[in-house]
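Peer 1: Quick one: the structure is below, questions incoming.
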Amino acid sequence: MRQLVTLLWLAAATILLGGCQSAYYGAMEKVGVHKRDILVDRVDDARDAQTDAQQEFKSALQRLDELLQFDGGELEERYNALNDDYESSKSAAERVRDRIEAIDDVAQALFDEWQDELELYSNDAMRRESERSLRDTERRYNSLLRSMERAAATMDPVLAKLQDNVLFLKHNLNASAVDAIRGEYNSLQTDIQALIREMETAINESNQFIAAMKEG
């Protein structure tokens, strides 16, 4: 418990001092939490954020489908539900991007430190083994980062189409407007299915990366 309080205090102090990541990493290392541990935690957070984003986009598509089934009921209520899901999807996408940025920050700090420390070895065999491990970790990480970035990129066209539909309905909330956007549904559905597939790939790579880091 005392260590947890200390960790929280150090994290808060770092934020108050300007949020410098290097200072944060240094403070965490003093209490036994190293960059490798932080990297694993951040990959885990990003995986969860992607899972949440999948659900938000699925929900938005379902809301649009429900609105397109409009048959004289409360159209404004369905529009409000769609708008809420669009805003939730946009927030989820921002969280995914933030998590990816946070991962890359600590990953680069870890790799730079690891590379510098190779020069400190006096035992050549140990240095070569450590360097091999570093290159393997970098390779796995770069594959993971590309996968996450591909998945994140698929969010943009989906958000753009959702926004178009929400804006159009906002200013034309009637049965004719609903009919006008029916043709967009199939395209949006295809984009969301592609998004979900890319995110599933990234989530699976995240699980593999986490497992490999814990084993190593």
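The values are calculated or read from the model by the stated rules, or taken from the named source; none is laboratory data. Quantities reported herein were computed from a predicted structural model and do not represent experimental measurements. Here the Cβ positions follow ideal geometry from the backbone for every residue, glycine too, while neighbour counts run over all protein chains shown. Side chains are part of the model used for accessible areas, which takes the heavy atoms of the whole protein and leaves out ligands, DNA and RNA. Shrake-Rupley method; radii C 1.70, N 1.55, O 1.52, S 1.80 Å.
Listed here are the residues, each with its yes/no results for (1) farther than 16 Å from PHE57 by Cα; (2) open to solvent by less than 70 Å² (accessible area, probe 1.4 Å).
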{"position": "ASN123", "(1), (2)": "yes, yes"}
{"position": "SER147", "(1), (2)": "yes, yes"}
{"position": "LEU162", "(1), (2)": "no, yes"}
{"position": "ASN172", "(1), (2)": "yes, yes"}
{"position": "ARG197", "(1), (2)": "no, no"}
{"position": "GLU205", "(1), (2)": "yes, yes"}
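Peer 1: Could you tell me how many of the residues in the stretch 32-47 are open to solvent by less than 70 Å² (accessible area, probe 1.4 Å) and either in contact with a helix residue (DSSP H, G or I) (Cβ under 6 Å, 6 or more places away or on another chain) or part of a helix (DSSP H, G or I) (or both)?
Peer 2: Narrowing the stretch 32-47 to residues open to solvent by less than 70 Å² (accessible area, probe 1.4 Å): 32-33, 35-40, 42-44, 46-47.
Of the ones still in play, those that are also either in contact with a helix residue (DSSP H, G or I) (Cβ under 6 Å, 6 or more places away or on another chain) or part of a helix (DSSP H, G or I) (or both) are 35-40, 42-44, 46-47.
Matching residues across the stretch 32-47 total 11.
Peer 1: Moving on to the next point. How many residues does the stretch 56-83 hold that are open to solvent by 80 Å² or more (accessible area, probe 1.4 Å) and part of a loop (DSSP other than H, G, I, E, B)?
Peer 2: So the count comes out to 3.
Peer 1: Right, something else. From the list GLU129, GLU215, which residue is over 28 Å from ASP84 (Cβ atoms), surrounded by 12 or more Cβ atoms within 10 Å (Cβ to Cβ) and acidic (Asp, Glu)? Quick ask: steps written out before the conclusion?
Peer 2: On the way: GLU215 fails: surrounded by 12 or more Cβ atoms within 10 Å (Cβ to Cβ).
One residue alone meets the criteria, GLU129.
Peer 1: Now a separate question. How many of the residues making up the stretch 33-71 are within 30 Å of SER133 (Cα to Cα) and acidic (Asp, Glu)?
Peer 2: To start, the set of residues in the stretch 33-71 that are within 30 Å of SER133 (Cα to Cα) comprises 33-51.
Then drop every residue that is not acidic (Asp, Glu), which leaves 37, 41, 44-45, 48.
Residues flagged as within 30 Å of SER133 (Cα to Cα) and acidic (Asp, Glu) within the stretch 33-71 amount to 5.
Peer 1: Considering the stretch 132-183 alone, what residues qualify as being within 20 Å of ALA81 (Cβ to Cβ) and in a loop (DSSP other than H, G, I, E, B)?
Peer 2: Hits for the stretch 132-183 are ASN172, LEU173, ASN174.
Peer 1: Could you tell me how many of the residues in the stretch 86-100 are within 13 Å of ASP52 (Cα to Cα), open to solvent by 10 Å² or more (accessible area, probe 1.4 Å) and either of a type outside the set (D, E, K, R) or in contact (Cβ under 8 Å) with a residue 60 or more places away in the chain (or both)?
Peer 2: 3
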